[in-house]
Structure formats: structure tokens, C-alpha cells
1. Can you figure out the FRET efficiency of D8 with D37, using R₀ = 45 Å and their beta-carbon distance, to the nearest 0.05?
2. Of A30, L187, S303, which is farthest along the charge dipole of the chain in the positive direction, counting Lys and Arg as +1 and Asp and Glu as -1 at C-beta?
3. Using the Cα centre of the chain as origin and beta-carbon charges of +1 (Lys, Arg) and -1 (Asp, Glu), tell me which of P5, G355, S396 is placed farthest towards the positive end of the dipole.
4. Grab the other residues whose beta carbon is less than 13 angstrom from that of S201, score K and R as +1, D and E as -1, and report the net.
5. Between R80 and E102, how high is the FRET efficiency from 1/(1 + (r/R0)^6) when r is the Cβ-Cβ distance and R₀ = 22 Å? Nearest 0.05.
6. Charges only on Cβ, +1 for Lys and Arg, -1 for Asp and Glu: so what's the dipole of the chain about the Cα centre, in debye to the nearest 20?
7. So if R0 is 41 Å, what FRET efficiency would A60 and S212 give, r being the distance between their Cβ atoms, rounded to the nearest 0.05?
8. Given 0.36 nm per residue, what is the gain on full extension from A232 to E326 after removing their alpha carbon distance, in nm?
Amino acid sequence: MALLPVADALQRLLDGATALPGESVPLADAAGRVLADPVVALRTQPPFNASAMDGYAVRAADVASAPARLSVIGMAPAGRGFTGSVGKGETVRIFTGAPLPEGADTVVIQENVRDLGGGGIEVTEPTAEGRNVRRRGLDFCEGDLLLEKGRQLDPAALSLAASANHPSLNVVRQPLLAIIATGDELLPPGSALGPDQIISSNAYGVTATAQSVGARALDLGIAADRKDAIAALVKKAVKAGTDVIVTLGGASVGDHDLIHDVLTGEGMQLDFWKIAMRPGKPLMFGRLGDIRCIGLPGNPVASLVCSQLFLKPLLARLGGRSCRQEIRMARLGVAMHANDLRQDYVRAVVREDAGALIATPFGIQDSSMLRILADANGLIVRQPFAPAAEAGEECSVLMLR
């Protein structure tokens with residue numbers, strides 16, 4: 001199978017991927033989720049003309065000039081409005097959030113009032129009609145569209161939905177990703193290693209990538225290099241109702257790279273295998289019914305770079321989110337050799353210098369070296385057959401952080 005260009009691979013991987021069906025969740029559990037339906041107000045806010053300040057509810061005609069003396073005929077705390085009516089020369093002591101009594105149209109703030117004793121006050125500053133009053137429906141009215149479908153629920157959106165009297169919301173179901181690592185040489189972190197063994201690290205980075213776009217990850221552990229062991233975990237992933245299966249390692253062409261045979265044996269229809277990119281050439285993609293299967297390379301850097309380029313956009317789309325890779329233009333900090341037929345993603349440090357971005361690649365780019373990836377904040381993107389470039393020439397950089 002010929003090497004597939006990166007853009008074509010991403011297009012084929014995303015083809016037909018749409019937001020998953022919605023599910024109702026309590027408002028308290030909806031933070032960060034994506035709305036599957038628009039949110040419409042179930043009530044009017046405020047539901048009545050309300051005082052915006054602590055003070056006195058008055059008729060504007062009585063306080064058009066100052067000083068003005070008024071008789072206090074009652075009190076209106078928040079939650080217990082005054083049931084009578086304010087007439088000429090009368091006022092009601094009122095607190096923030098309380099309904100404006102009938103007959104009143106203005107609130108005089110308490111700082112502009114002098115207590116005369118005996119139930120009388122003196123207004124010391126004139127107050128215009130409607131001052132310090134929140135009119136009914138100032139924020140929204142029943143039936144108003146408040147939040148569009150596809151909105152990610154941030155703190156303000158959640159508070160708005162609560163204010164509109166929604167105890168729960170219909171949100172896009174979070175994609176479920178099953179992760180299967182393969183390799184006799186792998187052991188989990190914290191293990192006592194034998195002479196031929198290494199730590200399995202890729203699953204943690206892939207899980208974090210999934211969680212960054214709101215997906216859930218199910219780590220099914222490490223399968224031995226046997227078809228039956230791998231098949232058992234694939235069956236477990238299918239039974240769990242996963243939307244995407246990611247395998248780590250075993251998708252190349254060696255005698256022990258069994259992923260392709262196992263997945264096709266389980267019914268997967270292979271879409272592509274091997275991409276014209278570095279690192280990450282042995283990427284595999286296919287479909288097992290409605291489940292998308294991605295075979296990531298075993299090399300840690302290749303696994304994480306491919307997760308950033310392919311897995312993250314797929315999970316974002318399934319979760320109803322947008323996922324735009326941040327591409328910045330920079331200047332090369334050093335000269336670079338001509339590129340071959342593969343699109344190259346070169347780990348680099350990107351820094352600002354005199355208002356310009358300078359991207360300096362690390363001298364060693366081996367796909368097993370995680371420390372360099374952790375130190376990098378960008379990937380210089382070198383197109384296939386890009387000619388040699390001198391320091392200071394313009395380059396494209398995929399920003400990582």
C-alpha cells in the first residue's frame with residue numbers, strides 16, 4: 001500500500017464523523033460538555049420589576065427635587081415583597097432583589113436618605129424616574145433562545161441555564177476511547193524491569209490527548225504479542241461500547257506486528273496503512289462496524305504526534321467540538337537539510353525575539369526520545385521534498401503549547 005499524504009489521511013479518517021447522540025445530564029455534571037440542543041428560557045428574568053440597590057421605593061414625581069420628605073409605610077426584603085401600594089408622599093424601605101411595590105417606579109439609594117425618626121425620611125438628592133430599578137425581563141424573557149446548539153458549557157453558560165430554570169441539559173455524549181497496548185517487552189510504570197523490558201508510557205499521553213477534547217479513555221492494559229491476547233482485548237473494547245479503538249504498537253510490518261491481522265479477523269475494513277510522514281509512518285486506520293480503529297506506532301514520539309494530528313481532531317468531532325491546530329509562521333533558528341518524500345514534524349523550541357518567532361529544532365529527532373518532545377513547544381512542519389533552508393528562512397510551526 002502506497003504512502004498516503006497527511007492531509008488525505010486526515011480527510012479519510014474524519015469522513016462521516018459527526019457529533020454523537022445527545023444525553024441528558026444534571027446541570028451539576030454538565031461543565032465542559034457540548035450542547036446537543038439549544039437552550040431556551042423557561043422563565044423570565046427578572047420575573048418582576050426589582051430593586052437594584054438597597055434604599056427606598058418611591059414615586060419619581062415625589063423626588064424630582066430635593067429635599068423631599070416621605071412617610072415610610074412598610075418594608076420589602078428580597079423574597080418578601082410589600083403587598084400594598086405606594087401613594088403620593090409615601091415610600092417603602094426596599095432591599096436589593098425585592099419586587100418594586102405597586103405605585104412605585106424608582107428607588108432612591110439609602111446613601112441619599114436621612115432618617116427623620118417617627119417613620120419619616122428626607123431624600124437629599126433628586127432621583128430620576130426608573131433609577132436603580134431592574135425592569136422585568138431585563139436579562140431574558142420566557143421562550144428566548146439563550147444558548148446555541150454546539151456551545152461548550154463554560155461557567156457563564158451554566159449559570160445562565162440555571163437561571164433559566166433548567167435542572168438538566170441535553171449534551172453530546174462523550175466519545176469513549178479504548179486503548180490497547182501491545183508488546184511482550186512492556187510493563188506498567190512502577191514495575192521491576194527484566195533485562196529485556198521497558199516501561200509502557202504511550203497510553204498515558206494518548207489518554208491525556210483524549211481528555212483534552214472531552215473524551216473518555218478506557219485503558220485496557222497491555223496485550224502480549226499473541227493474536228489471542230490482542231483479540232481478547234479487542235472483544236472487550238467492542239463489548240464496552242467504545243467509539244474508537246486505539247492500539248499502541250504492532251501496526252508495522254514485522255513478524256510480531258499482529259494488529260492488522262487481528263482487527264481484520266474481527267471484521268475491520270482497512271482504510272489505509274502507512275502515511276507519508278515522519279514520525280508516524282506506520283499509522284493504520286479502519287472501521288469495525290461503527291467503531292473507528294486507529295493503529296498508532298509504538299515509538300512514543302510517533303504515537304503522541306499522530307495522536308495530536310489524527311486522534312484529537314476525530315474525538316473532537318465526535319464530541320461536537322471544533323479542533324483547530326495552531327499553525328504559526330516563524331523563522332528558522334538554524335539551517336535545515338532538504339526533506340525526502342515524507343512530511344516531517346520536527347521537534348523545536350519556539351521563542352519570541354524582537355517581535356518575531358524563532359523556531360530552533362533539536363539536533364536529534366529520534367522517535368523514541370520523549371524528553372525532547374516534552375521540552376519542545378512546537379513542531380516545524382517540513383513539506384515533502386522541501387529544499388534545504390537557511391537560518392532565518394520562514395517556516396510553518398504546529399504549536400504544542
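Please treat every number below as a calculation from the coordinates, not as lab data. What you see is a predicted model, and the numbers here were worked out from it, not measured in a lab. Every residue, glycine among them, receives a Cβ derived from its backbone with ideal geometry; neighbour counts consider all protein chains shown.
1. Between D8 and D37 the formula returns 0.85.
2. In the chain, that residue is A30.
3. Result: P5.
4. That works out to -1.
5. Computed FRET efficiency for R80 and E102 comes out at 0.90.
6. 440 debye
7. Using R0 = 41 Å, I get an efficiency of 0.15.
8. 30.0 nm
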